[in-house]
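The values are calculated or read from the model by the stated rules, or taken from the named source; none is laboratory data. Please read these numbers as outputs of a predicted model, since none were measured by experiment. Positions of Cβ are generated from backbone atoms using ideal geometry, with glycine treated the same way; all protein chains shown enter the neighbour counts. Ligands, DNA and RNA are stripped out before the accessible areas are found, and what is left, the full protein with its side chains, is counted by its heavy atoms. Shrake-Rupley method; radii C 1.70, N 1.55, O 1.52, S 1.80 Å.
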Amino acid sequence: MTSTTASSGPADPRFFTRSGPFDGQALAEAAGATLVPPREGSLPAEGYAGIAPLQVAGAQHVSFLDNRRYAHLLEGTKAGLVIVAPAFADKVPAHSAALVSSTPYLAWSRVARLFHPKAPAQPGIHPLAVVDASAVVDPSAEIGPFVVVGARAEIGPRCIINSHAVVGEGVVLAADCRIGCHVTLSHATLGERVIILPGVRIGQDGFGFAVGPNGFETVPQLGQVVLEHDVEIGANTTIDRGSVNDTVIGAGSRLDNLVQIGHNARLGRCCIVVSQAGISGSTVLEDYVTVAAQAGLIGHIRIGAKARIGAQCGVMSDVEGGADVIGSPAMPFREFFRNVAVLRKLSKKASGPAEGGSGKG
Amino acid sequence: MTSTTASSGPADPRFFTRSGPFDGQALAEAAGATLVPPREGSLPAEGYAGIAPLQVAGAQHVSFLDNRRYAHLLEGTKAGLVIVAPAFADKVPAHSAALVSSTPYLAWSRVARLFHPKAPAQPGIHPLAVVDASAVVDPSAEIGPFVVVGARAEIGPRCIINSHAVVGEGVVLAADCRIGCHVTLSHATLGERVIILPGVRIGQDGFGFAVGPNGFETVPQLGQVVLEHDVEIGANTTIDRGSVNDTVIGAGSRLDNLVQIGHNARLGRCCIVVSQAGISGSTVLEDYVTVAAQAGLIGHIRIGAKARIGAQCGVMSDVEGGADVIGSPAMPFREFFRNVAVLRKLSKKASGPAEGGSGKG
Amino acid sequence: MTSTTASSGPADPRFFTRSGPFDGQALAEAAGATLVPPREGSLPAEGYAGIAPLQVAGAQHVSFLDNRRYAHLLEGTKAGLVIVAPAFADKVPAHSAALVSSTPYLAWSRVARLFHPKAPAQPGIHPLAVVDASAVVDPSAEIGPFVVVGARAEIGPRCIINSHAVVGEGVVLAADCRIGCHVTLSHATLGERVIILPGVRIGQDGFGFAVGPNGFETVPQLGQVVLEHDVEIGANTTIDRGSVNDTVIGAGSRLDNLVQIGHNARLGRCCIVVSQAGISGSTVLEDYVTVAAQAGLIGHIRIGAKARIGAQCGVMSDVEGGADVIGSPAMPFREFFRNVAVLRKLSKKASGPAEGGSGKG
C-alpha cells in the first residue's frame, strides 16, 4: 500500500462524526457490562475519547477482545479500557480498566455506536427532488437530491431517502427507514427501521412467463413486497414482488449484498441470507434460518426454523428445522465431509497402484 | 407478519390499475379458451370484476387452477369463473363457470393482463431530463425525470424510459421498449418491445486485458450489445459489449436478475437464463437453451439447441443439443444423481464398520 | 438476427471515435513490435485507417492473430498489416506487412487504443450536478449531470465522474479516475487511474451484527475502502468498507462484474477476481492471485501469492502460494479431476451389474 492511501485508523473523521468523551460508568451502562477499575492507577477523570484496536489504542481509547485468536494482543495493549469476556478479565493489563461482558461483541457494538452515532434525518425535501403532489411525506423526513417519490407514496417520520432513490407509486414506508442511494422501491410496504443499502431493487416484476404460440408471454405479477420491521438489505440485492401472493421478508431479517429473492418467497423472523445466495420463487424460510454465501434454494420448498444452509449449498427439497446442510445437492454436514474423505481415500487408492505400477490384485 | 403489513390480496389498487368488468365471452376470447356456463345458475349479466386466488375469490372473480398440487382448493372455491385444464373441467363447482384451456397458465396470464393492462407511455420529456440536442426521441415516447439521453441516440415510438436511466451516445431503441429506473445503456442496439428491469448494466467494457511490463493493460472493447426483439432482462443483470464482434441476445430470450453475460457471448432465440447464472465471453447458446440459477459456463464453448443446464452447474465444454446436464463439472442428469447415490452408499459402508467397530474384513 | 440489428463491424462510429491514419512505423512504435514490409509490394504511403478482424480486413486495415485456433484465417486475409507472434511471421500473406511481437495481444491492444483513444475529460461541472461547497473539484475534472459530490470530497485532475454517480462525504479521488454512471462511493480513498464501471457500490456498511436480546444489532462499521492505483472494478460489483481496519484492493488489481468483497478483505497487487466470485470478510489475497468466476472464499483465510482459485471453487482454508485449486471444498486441480474420474468409474461399475442383473460377486 502506498503512503497516499494509508489509513488513519478506525473512525477517520473524514467519514465519521464522533461523540464523547464518555466515562467508564456511562460506557458500562450502554454496554450492559460490568466496569472493573485498573489494578494500577485509577479511572481517568476525563473519560474516554474514542475506540481503537488493541494494537494501536492508547490510554484515552476503548478497545475490545472478541475473538480468542487475538488473545495474545491483550497483554501488550495500552488501551485505557478493554471490553472482554469473563474468561479474559484477569488477563487485562494492570494499567487498563475492563468492561466485562458475557457478550463482548454486543457490548463493543454498543460502545462503538455511542461514540459514533448514526446521523439523524435532516428534515426537508431537496429542491432537486421530484415528489408527486399526492405523496405524503412526513415533515421530519429527509429527501435527498434527485429522489423521485411517486403518486400516493407515504414516507414516515424521520425516514432518510438518499440521493437518486425512487419510491414508486403507492409504496409505504413506516417510521425511521433509511433508503440508500440509487435504490428502486416499487410495489412495496416497509415496516419501521428498515434499512436498505445502495442499488437494491425491490418490487420489480418476478420471472414469470407462459409459453405462447409466438414465444414467451409475461404473466402479470400482481403481488407486492413486504419488508417487516427492522429488516436490513445489502447492496445491489434484488427482491421480486409476488405474482399473486406477496413476497415477505420477516421482522429483523438481514440480507447481505447481491442476494436474489424470487417472487412469492417468504422469510420468517431474523433470517440471515449471506451474499450472492439465491432463494427461488414460493420457497418458505421459517424463523431464524441462516443461508450462507452463494447457496441456492430451488422454488416451492420449505426450510424449517433454525436450519443452517452452508455456503454454495444447492437445496432441492425441504430441510428440517435445526438441520445443518451443505453440498449440492444438500446433505447433512457430517455426511458431506464423510463423502469428501471417502472419495479422497478411494481416489488415492485407485491412483496409487496405477502410478506405482505394481499392478497386483 | 404484523397486521400493519398484511396484504390486501392480489392487484392491490395502491399499485395496480384495473380494467373491466368483462363478460365470460370476452374473457374466453382473450384467453383462447372455451367458456362453460355453470351447471347451476347462469352467467352473471354484469360480467366479472377482477381476479383472485381460489381461496378468496367470490362470485365476481376469475380464478385459476394451474398446478395440480392445488387441486384440492377447487372444490371449495366461491369463484364465479375458474380457468382449468380439460382434466379438471368436471371438478369445477356447480355454481362456477369454467374457462377450459389446454394451456391454462397461458390463459390465466392473458385474462390477468386484460384486467390489469400495462400502463401506456405518457408522451413527453420530463423537464428535469437531459436530452442531447442531436438525439432523436419519438414524440410518442415517455422520458422520465433525471434521464440522460446522449448524442445521436434514437428512441422509438411509445418507448418508456424511466427515471434516472441513461441512454448512451448512439444507442438505438426500436418501438415499444421499456427501460427501468437506473438502467445504464451504452454501445447498444435494441429491437422492438425490449424490457429492461431496474439497475441493469448494458454495453460497458468487457473484462479484457493484456499483461504488460507494468501490470495489466486494458484491451479496447470495440463491439456493441444487440438485444433483439422481445428480449427481457432482469434487475441488476450485467451484459458486457463485445471486444471485436458483438454480444447478442436473441429474440424472445429472457434473463433473470443478477445474471452476467461476458463479451462476445451470443444467445439464440428464446433462451432462458435464471438468476445469478453466468455466461463467459465468446460462448454461444443456440436457440431455446435453458440455463438454471447460479450455473456457470466457461468461455468459448457452444451449447446446442434446447439443451438444459441445471442449477449451479459448471460447464467446461460443449453441450449437445437437447442434453440435460448438471453438476460441476457438468454431466448428464442421470449420471450425476447415480454418482450421488453411489458415493452415499460407499460412504455409509466405509463409516459403518469403523463406527460399529467389528473391524473384520 | 434480423437485418435491423446487424452490426456494422468493430468500432462502429456510432459509438467510437477514431484517430489516424497511422503509418507502419508509428504503429510499430506504439506496439513495441518489429515492422516487416510485405514480400510483394510496399508499405502504403497513406498509412492504415483502422482495425478489423482477419476475415473482413482490407488493405487499409490492421488485423491480428493471437489465438492459434484462428491460424487458418491468416492465409486468406486481405489485411494490409497483421500483428503476429514470431512463429507465424512467415505465414503472413505476401501482400501484407507484419508487426511481429512476442506479445501480440498486448501489441494489438496498444494499436487498437491508438486508433480509438479514450475520450479525455471535458472540464467542468454540469449545471444539474449537486456539489457541496466544501468539496474540492480540480478544474480539469468533468462532473456529469445529476452527480452528487458530498462535503469535503476531493476530486483530482482529469477525473471523469459520469452521470448519477455519488461521491460521498470525505471521499478522495487522485488524478485520472473514471467513475461510471450510477456508482455509489462512500468512505473511500482512490489512487490514480482507478476505473469503476456503472452500478458499483463501494464503502457501504459491511455485514456485521451482534445478537442482542431483541434481535440482531448492527455493529458500527468504522473503516473505509482503499482502492490503490490502477484498480478497475466491474459493473454492479459491491465492496463493503472495513469494520475496524480497511478493505483494500491492491494496485493494478481487476475485479469483474457482480463480485462481492466483504469488510476488511485485503487484496494484494495485480489480483484478478472474475465475475460473480465472492471474497468474505477479513480474507487476505497476496499479490497476483486469480479467483475465477463464481468462486467463493470463506472469511479470515489467506491465499498465497500467485495462487489460482478455479471457477465455482469453495475455499474454506488457507491456500499456499502458487497453488491451483478447484472444487467445493477446494483441492488441487489434479486431485479434483482424479476424484471425478474415480467416481465416474465406480458409478458405472455399480450401476452395470445392477442394471444387467447378474448379481454375482
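Between the label point of B:ARG113 and that of the same position in each other copy, find the distances and list them shortest first in nm, with every label point placed 7 Å from Cα along the Cα-to-C-beta direction.
Between copies, matching label points for B:ARG113 lie 4.9, 4.9 nm apart.
Taking R0 as 51 Å, what's the FRET efficiency between B:ARG334 and B:VAL211 from their Cβ-Cβ distance, rounded to 0.05?
The formula returns an efficiency of 0.75 here.
Looking at the protein assembly as shown only, what percent of DSSP beta bridges run antiparallel? Nearest 5 please.
The answer is about 15 percent antiparallel.
Considering only the label points, 7 Å along Cα→Cβ from Cα, what distances in nm to one decimal separate A:PRO332 from the same position in each other copy, shortest first?
Listed shortest first, these distances are 3.3, 3.3 nm.
Counting heavy atoms of the protein chains only and a 1.4 Å probe, report the per residue accessible area for the stretch C:240-353 as a whole number of Å².
Solvent-accessible surface per residue comes out at 35 Å².
Straight-line reach from C:LYS91: which lysines have Cα under 22 Å away, leaving out those fewer than 8 places along the same chain?
C:LYS78
How much of the DSSP beta bridge set in the stretch C:136-272 is antiparallel, as a percent to the nearest 5?
About 10 percent, rounded to the nearest 5.
Quick one: with all protein chains in place, what share of the accessible area of the protein assembly as shown is carbon or sulfur, to the nearest percent (1.4 Å probe)?
Ligands and nucleic acids excluded, carbon and sulfur give 55 percent.
Would you calculate, for chain A, the mean residue ellipticity at 222 nm contributed by helices, counting each DSSP H stretch of 4 or more residues as -39,500 (n - 2.57) and dividing by all residues, to the nearest 500?
Estimated from H runs of four or more residues: -4000 deg cm²/dmol.
Inter-copy label distances at C:VAL136, 7 Å along the Cα→beta-carbon direction, one decimal in nm, shortest first?
Copy-to-copy label distances for C:VAL136: 4.8, 4.8 nm.
Do you know which residues of the stretch A:156-187 lose at least 20 square angstrom of accessible area in the protein assembly compared with their chain on its own, with a 1.4 angstrom probe?
For the stretch A:156-187, once contacts with the other chains are taken into account, A:HIS164, A:VAL166, A:GLU169, A:GLY170, A:CYS181, A:HIS182, A:THR184, A:HIS187 lose 20 Å² or more.
Given the options C:VAL131, C:VAL340, C:VAL167, state which has the largest fluctuation in a GNM of chain C using a 10 Å cut-off (strictly under) for Cα springs.
With Cα springs under 10 Å in chain C, the top fluctuation among C:VAL131, C:VAL340, C:VAL167 is at C:VAL340.
Return the single residue from C:GLY150, C:GLY47, C:GLY296 with maximal mean-square fluctuation; model: Gaussian network over chain C, springs between Cα atoms under 10 Å.
C:GLY47
Which aspartates and glutamates does C:LYS345 reach when only Cα atoms under 20 Å apart count, and residues fewer than 8 places away in its own chain are ignored?
A:GLU355, B:GLU335, C:GLU335, C:GLU355
Once a ≥ b ≥ c are taken as the square roots of the eigenvalues of the Cα gyration tensor of the stretch A:1-99, is the result rounded (a/c under 1.5), prolate (a/b larger than b/c) or oblate (a/b not larger than b/c)?
oblate
How about the stretch B:324-342: which of its residues lose at least 20 Å² of accessible area in the presence of all protein chains relative to their chain isolated, using a 1.4 Å probe?
Those are B:SER328, B:PRO329, B:GLU335, B:PHE336, B:PHE337, B:ARG338, B:ASN339, B:VAL340, B:VAL342, which lose 20 Å² or more relative to the chain on its own.
Which FRET efficiency value, to the nearest 0.05, is calculated for B:GLU320 and A:ALA87 with the Förster distance at 56 angstrom and r the Cβ-Cβ distance?
E between B:GLU320 and A:ALA87, to the nearest 0.05, is 0.40.
By its C-alpha gyration tensor, with a ≥ b ≥ c as the square roots of the eigenvalues, how is the protein assembly as shown shaped: rounded for a/c under 1.5, else prolate for a/b larger than b/c, else oblate?
It is rounded, given that a/c, with a ≥ b ≥ c, falls under 1.5.
Find the accessible area per residue for the stretch C:31-169; the probe is 1.4 Å, ligands and nucleic acids are left out, and the unit is Å².
Value returned for the stretch C:31-169: 45 Å² of accessible area per residue.
Do you know which residues of the stretch C:95-115 lose at least 50 square angstrom of accessible area in the protein assembly compared with their chain on its own, with a 1.4 angstrom probe?
Residues meeting the cut-off: C:TYR105, C:LEU106, C:SER109, C:ARG113.
Can you classify chain A as rounded, prolate or oblate using the Cα gyration tensor, where a ≥ b ≥ c are the square roots of its eigenvalues, rounded means a/c under 1.5, and otherwise it's prolate if a/b beats b/c and oblate if not?
Cα axes put chain A in the oblate bin.
Determine the percent antiparallel among the DSSP beta bridges restricted to chain C, to the nearest 5.
The antiparallel proportion sits near 15 percent.
What quantity of accessible surface, computed with a 1.4 Å probe and excluding non-protein components, is buried in total between chains C and B, in Å² to the nearest 100?
Chain pair C/B: roughly 5200 Å² of buried accessible area.
Which residue fluctuates most in the GNM of chain A (Cα springs below 10 Å): A:SER317, A:SER101, A:SER140?
Highest fluctuation of the listed residues: A:SER101.
Peptide A:276-282: average number of partner chain Cβ atoms within 10 Å per residue?
Taking the mean over all residues of the peptide, I get 5.
Once both labels are modelled 7 Å past Cα along the beta-carbon direction, what's the B:SER102-B:ARG302 spacing in nm?
3.4
How shielded is C:125-132 by partner chains, expressed as the average number of their Cβ atoms within 10 Å of its Cβ atoms?
3
Could you give the nm distance between label points at C:VAL136 and B:GLN122, where each point is 7 Å from its Cα heading toward the beta carbon?
A separation of 4.5 nm, rounded to one decimal place.
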